[in-house]
Amino acid sequence: MSCNITNNNPTILSFSPTPVNPTDPERLKAIKKSFNGVFSVYGEIGGMCAQWTYNLALNYCRALKNSTAIPGKKLAAGGNANWNKNYWTNLVKLGYTQKKVGTNITTNQCDSILSTTVWGYGDVVIYYATEGNPEASHVKYGHTQIYVGNLTKIFWASSRKENYFASMVYRSKPSNKWDFLILRAPEDSSQVKL
């Protein structure tokens, strides 16, 4: 997927299909096992959203496959959330399905996607600003988070259990143009590519 922006207009490209069984008890059991394992062994740390989200996704997939090695060795994500095909590719290699849903969309459109989409346990989102100071964290690195449902008050986690206490972490940043991607989690062990 190319991320070169040639059009500055906001565009909703398409929406990712709704998961077949978003709240399946096996998915809930897998995300709980991953969440509890990752945070009990690795703890919480700021600024590491891609690595923690990747490891939460990896251990979710391991749990779907009934692996006993959870959380296992902490792995690198392949880079940060923004403009980094290695991170996205590593999630796809686990069995995730990637869909870019918006380019140069507004902050309110990002919030709307987060609040109105039906999420399945283990789903991952990525968003980053496409305008502003290129050295600002929301532009340079972006953010990624994983859907954990009622395991947190926010329903999302990253390198912080409560995803920095916001469903959209960069809501207060001055940018109003964002790219937004959804990576749908494998729904059962047959979709996991470990």
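The values are calculated or read from the model by the stated rules, or taken from the named source; none is laboratory data. Here the structure is a predicted model, which means the values were calculated and not measured. Note that we place each Cβ from the backbone using ideal geometry, even for glycine, and neighbour counts take in every protein chain shown. In case anyone asks, the SASA skips ligands and DNA or RNA and just uses the protein heavy atoms, side chains included. Shrake-Rupley method; radii C 1.70, N 1.55, O 1.52, S 1.80 Å.
At a glance:
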{"read-out": "Probe 1.4 Å, protein heavy atoms only - accessible area per residue of the chain in square angstrom", "value": "46"}
{"read-out": "Dipole of the chain [Lys/Arg +1, Asp/Glu -1 at C-beta], most positive-end residue of Ser67, Thr130, Ser175", "value": "Ser67"}
{"read-out": "D (Stokes-Einstein, µm²/s), Kirkwood Cα radius, the chain, 1.306 mPa s at 10 °C", "value": "97"}
{"read-out": "Extension gain, Phe165 back to Lys93 (0.36 nm per residue minus Cα-Cα distance, nm)", "value": "23.0 nm"}
{"read-out": "For the range 43-51, Karplus couplings with θ = phi - 60° (6.51, -1.76, 1.60), whole Hz, Gly/Pro x", "value": "x, 10, 8, x, x, 10, 4, 5, 5"}
{"read-out": "Karplus 3J(HN,Hα) series, Hz, for the range 60-68 with 6.51 cos²θ - 1.76 cosθ + 1.60 (x for Gly, Pro)", "value": "4, 5, 4, 5, 4, 8, 6, 6, 8"}
{"read-out": "Cα→Cβ-extended label distance, 7 Å offset, between Lys153 and Asn133, nm", "value": "3.0"}
{"read-out": "Sites Lys65 and Thr11, calculated FRET efficiency, Cβ-Cβ separation with R0 25 Å, nearest 0.05", "value": "0.10"}
{"read-out": "Total lysine pairs whose alpha carbons fall under 17 Å of each other in the range 65-139 (8 or more apart, or interchain)", "value": "6"}
{"read-out": "Dipole in debye (nearest 20) - the chain, about Cα centre, beta carbon charges: Lys, Arg +1; Asp, Glu -1", "value": "440"}
{"read-out": "Helix axis angle, 107-116 relative to the chain longest principal axis, alpha carbon, degrees", "value": "30"}
{"read-out": "Backbone HN-Hα couplings from phi across the range 97-103 [Karplus 6.51/-1.76/1.60, Hz, Gly and Pro as x]", "value": "10, 9, 9, 7, 9, x, 10"}
